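Read through the structure below, which is laid out as structure tokens, and then see the notes.
The values are calculated or read from the model by the stated rules, or taken from the named source; none is laboratory data. Because the structure is predicted, anything quoted here is derived from the model rather than measured. In this analysis, Cβ positions are derived from the backbone assuming ideal geometry, glycine residues included, and neighbour counts consider all displayed protein chains.
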Amino acid sequence: MNAPDGFRVKESYRVRYEEVDAQGIVNHAQYAHYFTGARVAYFRALGYQPAEFASLPSQPVVVHLEIDFRSPARFDDHLDVWTRVVRVGETSLSFTYQVQNADNDAVQAEGRTILVTLSMKNLQAVRVPDDLRRRIETLEAKG
């Protein structure tokens with residue numbers, strides 16, 4: 001499968017039985033979990049390890065989530081969740097996601113999150129660190 005335009009980071013999943021609802025399709029809430037895992041993969045692609053990232057003095061946290069459902073995913077489907085940052089603001093990061101069926105390229109869902117960088121000391125919004133900005137700019141500029 002080719003990456004959707006502009007996307008460079010992918011996390012793959014196999015839909016598990018406990019992720020489907022009574023209709024046999026992936027429950028809508030599960031996509032938030034897929035997006036979280038994809039964001040972790042994105043930060044790894046930036047060179048951060050989860051334990052290292054968790055110890056930073058400021059960290060981005062989700063303040064907004066949107067999901068548009070395009071086609072149902074089912075038990076045992078192989079999904080690729082593509083992730084990118086489309087905007088770096090003063091204190092925020094805007095991510096977009098595209099969930100594709102790896103076997104037939106069908107787009108299952110698209111989503112967006114906004115994360116605000118908080119000081120872990122007082123939980124107040126702070127500027128996105130310059131190092132993080134540079135790493136995102138470098139990754140997103142690859143073509």
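Taken as a whole, the structure places Glu90 among residues that are among the charged types (D, E, K, R) and out of contact with any strand residue (DSSP E or B) (no Cβ under 7 Å at 6 or more places or on another chain). Has segment 80-89 got at least one residue that is at pLDDT below 95 and not aliphatic (A, V, I, L, M)? There is no residue in segment 80-89 that is at pLDDT below 95 and not aliphatic (A, V, I, L, M). Scanning segment 37-55 for residues that are free of Cβ contacts under 8 Å to residues at least 12 places away in the same chain and either part of a helix (DSSP H, G or I) or on the phi > 0 side of the Ramachandran plot (or both) yields Phe43, Arg44, Pro50, Ala51, Glu52, Phe53, Ala54.
The number of residues in segment 29-44 that are of a type outside the set (A, V, I, L, M, F, W, C) and either modelled with pLDDT under 95 or buried (at least 17 other Cβ atoms within 10 Å of the Cβ) (or both) comes to 5. Among the residues making up segment 126-143, those that are farther than 12 Å from Leu93 by Cβ and either in contact with a Phe, Trp or Tyr (Cβ under 8 Å, 6 or more places away or on another chain) or surrounded by 16 or more Cβ atoms within 10 Å (Cβ to Cβ) (or both) are Val126, Leu139. State whether one or more residues within segment 78-89 are assigned to a helix (DSSP H, G or I), within 24 Å of Lys142 (Cβ to Cβ) and either hydroxyl-bearing (Ser, Thr, Tyr) or in contact with a helix residue (DSSP H, G or I) (Cβ under 8 Å, 6 or more places away or on another chain) (or both). No, segment 78-89 has no match at all. Set side by side, the residues Gln100, Gln59 differ, and just one is part of a strand (DSSP E or B), more than 23 Å from Arg133 (Cβ to Cβ) and polar (S, T, N, Q), which is Gln100. Residue check: Leu65 meets all listed conditions (1) surrounded by fewer than 17 Cβ atoms within 10 Å (Cβ to Cβ); (2) part of a helix (DSSP H, G or I) but one, namely (2). Taking every residue in segment 14-34 that is part of a helix (DSSP H, G or I) and pairing it with any residue that is acidic (Asp, Glu), at least 6 positions away or on another chain, the pairs with Cβ-Cβ distances below 6 Å are Gln30/Glu19.
Annotation for segment 1-13: no member residue is modelled with pLDDT of 95 or more, among the β-branched types (Val, Ile, Thr) and not in a strand (DSSP E or B).
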